[in-house]
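In what follows, a structure is listed as structure tokens, so that the remarks can point back to it.
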Amino acid sequence: MSSTPPSNAEPLARAACKICGGPCAEIMRRNGFAIVQCAQCGFMFAPVAPGYDAAAIYKEDVYFTSGGECGIADYDALWRRRLVHFYVPRLDRVRAFQQPKRLLDIGCASGYLMRAAQQRGWQVAGVELSPEMRRRAAAITGSRVYESIDAALGSGERFECVTMFEVIEHLSDPVDTMAQVASLLVPNGTLALSTPNCECPHAAAGEPINVWFDPPEHISYFGPGTIRDCLGRSGLEVLAIEGLEHYCRAMAGDLTFPPWVTAVLAPFRRGKRLKPGGLLGRILERAYHGRMDLYRRTSSADLPRTDVLEVYARKL
Ligand SMILES: [Zn+2]
């Protein structure tokens, strides 16, 4: 059932940068895979054999219900507890660049983001590889859900906005695929994407939950500079790069104080760690649940510390 390649030793030998074509060298091993970095532009990726179908993992419905080696144990619970708070506010952020018209959500899973967009006045469509998720998304939105980006392109439908959250890190040829995504946009159309910031200080350690170097699911590893470069080579101009700090701690169920609260409490809590189930943790959960503004960083000076990048771009 698994499409996991046994190792990537063979493609590693002749790895050229997927973004700029520059020379690459191995920097680490994860899950039995070598990860390389480009000497020229700094892009990091796990080389995979030509013909390896990086998308095959997600065509199995089991990806969304666990059971497989890869995947998400319970997508509905993940959406309700966390993703709704991280993804839906981005629809409001998109309004700074694009008024609601036609929106395509790539990697739409069971269609919850599509439904939230409908509630905000967008006409929606989706792209989803898993047949079961495709069926569910179509059922709850009454909209078309394509089985691939190619199928969406072939339909002739074009969009004022494409959303693509936590997808680009799964792509083996991100420049080629993002050029296809650009073709789905009307001129000046808006792309909103998010991806783990693999250049943040704790990415290599992979803690508290590893959203960064996790092959064979995550095989392309971006930072603020390389995502800008990748999109630029795909016919897209970056309008804004923002980030989420402490995102992974929040995803892991651990909540954090804003920095000023931490400073005020420091003398009283020396050496103590906040327990999510403890009194303070419960107060925080109630006060800060879903408050994405507490995690979002918009200054470029803060970007290096963020766990996840949120990028807005327009089609040239
Ligand atoms: Zn490069």
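Every read-out reported here was derived from the displayed coordinates using simple, explicitly stated rules and does not represent laboratory data. Keep in mind that this is a model prediction, so the values were computed, not measured. No Cβ is skipped: glycine too gets one built from the backbone with ideal geometry, and neighbour counts run over all protein chains shown.
Before moving on, here are some points about what is shown:
- In a fully extended conformation the segment linking residue 39 and residue 135 would gain 30.2 nm over its present Cα-Cα distance, using 0.36 nm per residue.
- One chain, two ends: residue 151 and residue 82. Fully extended at 0.36 nm per residue, the span grows by 21.8 nm beyond their Cα-Cα distance.
- Amide H to amide H, with H built 1.01 Å from N, residue 162 comes under 5 Å of 104, 190, 191, 192, counting only residues 5 or more places away or on other chains.
- Charge context of residue 215, other residues only, Cβ under 11 angstrom, K/R +1, D/E -1: -1
- Cross-link partners for residue 315 among the aspartates and glutamates, with Cα-Cα distance under 17 Å and sequence neighbours closer than 8 places in the same chain left out: 105, 157, 160, 176, 229, 237.
- Net charge of the neighbourhood of residue 30, taken over other residues with C-beta under 14 Å away and scored Lys/Arg +1, Asp/Glu -1, is -4.
- Counting charges near residue 121 (Lys, Arg +1; Asp, Glu -1) among other residues having Cβ under 14 Å from its Cβ returns a value of +3.
- Couplings for region 102-115, taken from phi via the Karplus curve 6.51 cos²θ - 1.76 cosθ + 1.60 with θ = phi - 60°, read 10, 10, 10, 9, 8, x, 7, 6, 8, x, 5, 5, 4, 5 Hz in order; Gly and Pro are left as x.
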